[in-house]
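Novice: Take this structure, written in structure tokens, and hold onto it; I'll ask about it next.
The values are calculated or read from the model by the stated rules, or taken from the named source; none is laboratory data. Everything numeric in this text was worked out from a predicted model, so none of it was measured. So basically every Cβ, Gly included, is an ideal-geometry build from the backbone, and we count neighbours across all protein chains shown.
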């Protein structure tokens, strides 16, 4: 996988990728706004994306995705492995994220890599159910400690 650092040149691709995986995707303007912050770091290739906020010795994963046609090929694992290497090289103590409680493939991946469940955010995600009604879903909080 050839990852490129996410910058303004890739925001159209980033927005298009984000739209393949989220009910309320971020548009080009939102990506540009995030990338204008000195704390935002990101990596992208033709079918996957990882965007984080790196502040002092902590990283928050803002979004991670793999295009649906390329899932199950280890791309998300590779993105997270790249992030963990970056974190260790930059003296990051912990990486954390929120994940939809129903996103079992992502939860399994995070746990396989070594993320630990550290909490829950009630009614964090607003989504449509099978009838098109808005419902709220909980998010699980996960943390990865880089220096154990």
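Novice: Find the strands (runs of 3 or more DSSP E) located wholly in the range 20-102 whose residues include 1 or more that are surrounded by fewer than 16 Cβ atoms within 10 Å (Cβ to Cβ), and list them.
Specialist: Filter on the range 20-102 gives 48-55, 58-66, 94-100.
Novice: Same structure again: Would you mind stating whether residue 31 is closer than 15 Å to residue 20 by Cβ, in contact with a helix residue (DSSP H, G or I) (Cβ under 6 Å, 6 or more places away or on another chain) and modelled with pLDDT of 95 or more?
Specialist: yes
Novice: Out of (1) free of Cβ contacts under 8 Å to residues at least 60 places away in the same chain; (2) touching a strand residue (DSSP E or B) at 6+ places or on another chain (Cβ under 7 Å), what's the single condition that is false for residue 82?
Specialist: The failed condition is (1).
Novice: Could I ask something else about it? Can you tell me which condition residue 137 does not meet? The list is (1) surrounded by 15 or more Cβ atoms within 10 Å (Cβ to Cβ); (2) more than 22 Å from residue 24 (Cβ to Cβ); (3) over 16 Å from the mean Cα position of the chain (by Cα); (4) free of Cβ contacts under 8 Å to residues at least 60 places away in the same chain, and all the others hold.
Specialist: Against the list (1) surrounded by 15 or more Cβ atoms within 10 Å (Cβ to Cβ); (2) more than 22 Å from residue 24 (Cβ to Cβ); (3) over 16 Å from the mean Cα position of the chain (by Cα); (4) free of Cβ contacts under 8 Å to residues at least 60 places away in the same chain, residue 137 comes up short only on (2).
Novice: Can you pull out the residues in the range 92-134 that are modelled with pLDDT under 95 and at positive phi?
Specialist: Answer for the range 92-134, where residues must be modelled with pLDDT under 95 and at positive phi: 123, 132.
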